[in-house]
Amino acid sequence: PKIAVLISGGGSNLQSVIDNIKNRDLDCSIEYVIADRECHGIERAENEGIKTVLLDRKKYKNSLSEKIGEILEENVDYIVLAGFLSILEPEFVKKWDRKIINIHPSLLPKYGGAGMYGIKIHEAVIKNKEKESGCTVHYVDTGIDTGEIIIQEKVAVSPDDTPETLQEKVLEKEHIILTKAIKKVFTD
Ligand code: GRF
C-alpha cells in the first residue's frame, strides 16, 4: 500500500517506519511526507529521497486540510500522523474514514485531547503519580485523540522518572507499535 506520513517535529516515528520498510519488515511505500512547519523530520524524509512537502500552517490556516487532500487524493491509500500537531478538518477526516491513523504518547483515553501533546503529557502523568503510562495508535475520527484504538503499549513510570526520561521510554515504544499498527490495518 501507498502511504503518506504527516509530521511537525523531529520525525523519529517517521524514521522508524522508513527503517522498517528498508529492512523489509513493513510492506508499504511512503509516497509523501507532509510537514505543517519547518522541522527536522523534513531532513529525514529528504535524506531518503521521499517526496516532501512543507505546508506552513500559518500560511495555509484553515485551508491546510484541503491542500493536503489535493496532494494525497488518488496518490496514497492511507495517511499516518506521526507527531503531526495540526487538527484535520472534519470533512477531510470523514472522506478518509478509517484510512488515517495517529500515534499518541499516552494510554488513551487518559491524557488525550486538545492541548495534551508533547512533554506536557509526561509532566501531567508524573504530577498525577501514575504508576504506568504508554502510547496508543488509533484511527483518526473528527474528535481529538478519540478514534477507535488499534494498539497500545504500556511503560512503567519509576519514582525517579522525569518528564524527559519518561518521554524517552514512551517514544521507544511508539516506534514499535506504529509499525505494528500499520501492518495490522494497512497491510493485512
Ligand atoms: C511523539 O511523542 C509523538 O507521539 C507525539 O509527538 C512526538 C513526535 O515525535 N505526537 P517524532 O517527531 O516522531 O520524533
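The values are calculated or read from the model by the stated rules, or taken from the named source; none is laboratory data. In this text the structure is predicted, and so the values were computed from the model without any measurement. Positions of Cβ are backbone-derived with ideal geometry, glycine not excepted, and every protein chain shown enters the neighbour counts. Calculation scope for accessible area: heavy atoms of the full protein, side chains included, ligands and nucleic acids excluded. Shrake-Rupley method; radii C 1.70, N 1.55, O 1.52, S 1.80 Å.
If you filter the stretch 53-76 down to residues that are among the hydrophobic types (A, V, I, L, M, F, W, C) and within 18 Å of the chain's Cα centre (by Cα), you find that the one that is most open to solvent (accessible area, probe 1.4 Å) is LEU54. In the stretch 134-150, which residue that is assigned to a loop (DSSP other than H, G, I, E, B) and in contact (Cβ under 8 Å) with a residue 40 or more places away in the chain is most open to solvent (accessible area, probe 1.4 Å)? Filtering the stretch 134-150 for residues that are assigned to a loop (DSSP other than H, G, I, E, B) and in contact (Cβ under 8 Å) with a residue 40 or more places away in the chain, the one most open to solvent (accessible area, probe 1.4 Å) comes out as THR142. If only residues of the stretch 119-129 that are loosely packed, with under 14 Cβ neighbours inside 10 Å and under 18 Å from ALA156 (Cβ atoms) are counted, the one that is farthest from the ligand (Cβ to nearest atom) is LYS129. Considered as a group, the residues in the stretch 151-182 that are closer than 23 Å to ILE101 by Cα, open to solvent by 20 Å² or more (accessible area, probe 1.4 Å) and part of a strand (DSSP E or B) include one that is farthest from the ligand (Cβ to nearest atom), and that residue is LYS154. Scanning the stretch 77-90 for residues that are touching a residue at least 12 places away in the same chain (Cβ under 8 Å), open to solvent by 30 Å² or more (accessible area, probe 1.4 Å) and more than 21 Å from TYR32 (Cα to Cα) turns up at least one hit. Within the stretch 1-10, being touching a Phe, Trp or Tyr at 6+ places or on another chain (Cβ under 7 Å) and either in a helix (DSSP H, G or I) or more than 8 Å from the ligand (Cβ to nearest atom) (or both) holds for PRO1, ILE3, ALA4, LEU6. Inspect the stretch 14-35 for any residue being touching a residue at least 40 places away in the same chain (Cβ under 8 Å) and in contact with an Asp or Glu (Cβ under 7 Å, 6 or more places away or on another chain) and give the result as yes or no. No, that holds for no residue. Residue check: is ILE50 within 13 Å of the ligand (Cβ to nearest atom), open to solvent by less than 80 Å² (accessible area, probe 1.4 Å) and touching a helix residue (DSSP H, G or I) at 6+ places or on another chain (Cβ under 9 Å)? Judged against the criteria, ILE50 is not a match. The helices (runs of 4 or more DSSP H) found entirely in the stretch 11-111 that carry 1 or more residues being at pLDDT 95 or above and small (Gly, Ala, Ser) are 12-22, 40-47, 64-72.
Residues in the stretch 25-47 that are among the hydrophobic types (A, V, I, L, M, F, W, C) and either within 25 Å of LYS180 (Cβ to Cβ) or loosely packed, with under 12 Cβ neighbours inside 10 Å (or both): LEU26, CYS28, ILE30, VAL33, ILE34, ALA35, CYS39, ALA45. Taking into account only those residues within the stretch 95-118 that are open to solvent by 50 Å² or more (accessible area, probe 1.4 Å) and within 14 Å of the ligand (Cβ to nearest atom), which is farthest from ALA181 (Cα to Cα)? My answer is ALA114.
The residues in the stretch 37-59 that are over 14 Å from GLY11 (Cα atoms) and touching a residue at least 24 places away in the same chain (Cβ under 8 Å) can be counted, and the count is 1.
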